[in-house]
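See structure below.
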Amino acid sequence: MSMTDREPQALDVLDDAGRKVLFTEARTANTFAEVAVDDDELAMIWELARWSPSAANGQPLRVLFVRTREGKERLVRHLDEGNRAKTLSAPAVAILAYDVDFHEQMPTVFPARGDMLRAAFADQAETRERLAAYNSALQTGVFLLAVRAAGLAAGPMAGFDRGGVDEEFFAGTSWRSHLVVNIGHPGADPWFPRLPRVPVEDAVTWA
């Protein structure tokens, strides 16, 4: 039997319950219950998130999980004022970053061409920064889905001083922060009213 004669592989379809958890009923949490998020739950989030696609499988996304009161207090001094209280109340917080030296991992993550890609990117700092920022954003979307898939709520926030966070947590490294995500079980009155979506006719075209 030739390749063209084979039956196409059938992929599973997410059921209604899964769609609600990940998409249609998922919300950004603004308050969190006093229920601990343990290391196994955080490990589960990463185990799911790390399968995200990225260009040439470069995987630039990096995560620092902040769990202690001391760590949160170090973080909140760099957050916009409106984000501080909910971050202090969240059982866990993820600082999502990208590694501008992601190319050093290419021989591991892309064995067939890794040495060539590492060498090609070695002297292209601006290109690496651009690719790392873009691909980590792609991976971040999957990270948020992974939080939801683990039965937890996510509260992503971009309102913070990136330079301050980088100096506080990533000084002397090649990591650059780009998003802070509060993680936990929803607390009292956790959701803002659901806002409208862009109309389909304004967002989708066909060719």
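Could you provide, to the nearest whole Å², the per residue accessible area of region 53-207 with probe 1.4 Å?
With all protein chains present, region 53-207 gives 54 Å² per residue.
Once each part is reduced to its C-alpha centroid, what is the distance from region 129-207 to region 1-43 in angstrom?
After rounding, the separation between the Cα centres reads 17 Å.
Return the long-range amide H neighbours of Leu179 (sequence gap of 5 or more, or a different chain), with a cut-off of under 5 Å between placed amide H atoms.
Long-range HN contacts for Leu179: Leu96.
Per-residue HN-Hα couplings for region 175-181, Karplus 6.51 cos²θ - 1.76 cosθ + 1.60 at θ = phi - 60°, whole Hz, x for Gly and Pro?
Each residue of region 175-181 in turn: 8, 10, 5, 9, 7, 10, 10 Hz.
Going through region 164-197, which trypsin sites (Lys or Arg not before Pro) have at most 15 other Cβ atoms within 10 Å and a DSSP loop state?
Arg194, Arg197
What is the calculated FRET efficiency for Tyr134 to Val21, with r their C-beta to C-beta distance and R₀ = 30 Å, to the nearest 0.05?
E(calc), rounded to 0.05, equals 0.65.
Which loop-located GluC sites (Glu not before Pro) does region 1-63 contain, where loop means any DSSP state but H, G, I, E or B and the Cβ has at most 15 other Cβ atoms within 10 Å?
Glu25, Glu34
Once phi is turned into θ = phi - 60°, what whole-Hz ³J(HN,Hα) does the Karplus curve with 6.51, -1.76 and 1.60 give for every residue of region 115-132, x standing for Gly and Pro?
Here the 3J(HN,Hα) series is 5, 5, 5, 4, 5, 5, 8, 4, 9, 10, 4, 5, 5, 4, 4, 5, 5, 5 Hz.
Probe radius 1.4 Å, ligands and nucleic acids ignored: give me the carbon and sulfur share of the accessible area of the chain as a rounded percent.
Ligands and nucleic acids excluded, carbon and sulfur reach 55 percent.
Starting from the Cα-Cα distance between Ala112 and Asp202, subtract it from 0.36 nm times their residue separation and give me the gain in nm to one decimal.
28.2 nm
I'd like the Karplus ³J(HN,Hα) series for region 37-46: coefficients 6.51, -1.76, 1.60, θ = phi - 60°, whole numbers in Hz, and an x wherever there's a Gly or Pro.
Result, rounded to whole Hz: 10, 8, 4, 5, 5, 5, 5, 4, 4, 5.
Would you indicate which of (i) -0.43, -0.74, -1.13, -1.26; (ii) -0.39, -0.68, -1.07, -1.22; (iii) -0.53, -0.85, -1.15, -1.23 is the value of log10 I(q)/I(0) by the Debye sum over Cα atoms at q = 0.10, 0.13, 0.16, 0.17 Å⁻¹ derived from the coordinates of this structure?
(iii)
Quick query: amide H of Ala29 versus all other amide H atoms, modeled in the peptide plane; which residues come in under 5 Å with a sequence gap of 5 or more or a different chain?
Excluding prolines and chain starts, which carry no amide H, the hits are Ala154, Gly155.
List the longest stretch of the chain that has no exposed loop site; here a site is one of the chymotrypsin sites (Phe, Trp or Tyr not before Pro) assigned by DSSP to anything other than H, G, I, E or B, with at most 16 other Cβ within 10 Å.
Answer - 52-190.
How high is the relative contact order of region 13-111? Use alpha-carbon pairs under 8 Å, at least six apart in sequence, and give a whole percent.
Rounded, it is 35 percent for region 13-111.
Below 8 Å between Cα atoms, with a sequence gap of 6+, how large is the relative contact order for the chain in percent?
Once divided by the residue count of the chain, the mean separation gives 32 percent.
The values are calculated or read from the model by the stated rules, or taken from the named source; none is laboratory data. Since this is a predicted model, take the numbers as computed values, not measurements. In this analysis, Cβ positions are derived from the backbone assuming ideal geometry, glycine residues included, and neighbour counts consider all displayed protein chains. These accessible areas exclude ligands, DNA and RNA; they are computed on the full protein's heavy atoms, side chains included. Shrake-Rupley method; radii C 1.70, N 1.55, O 1.52, S 1.80 Å.
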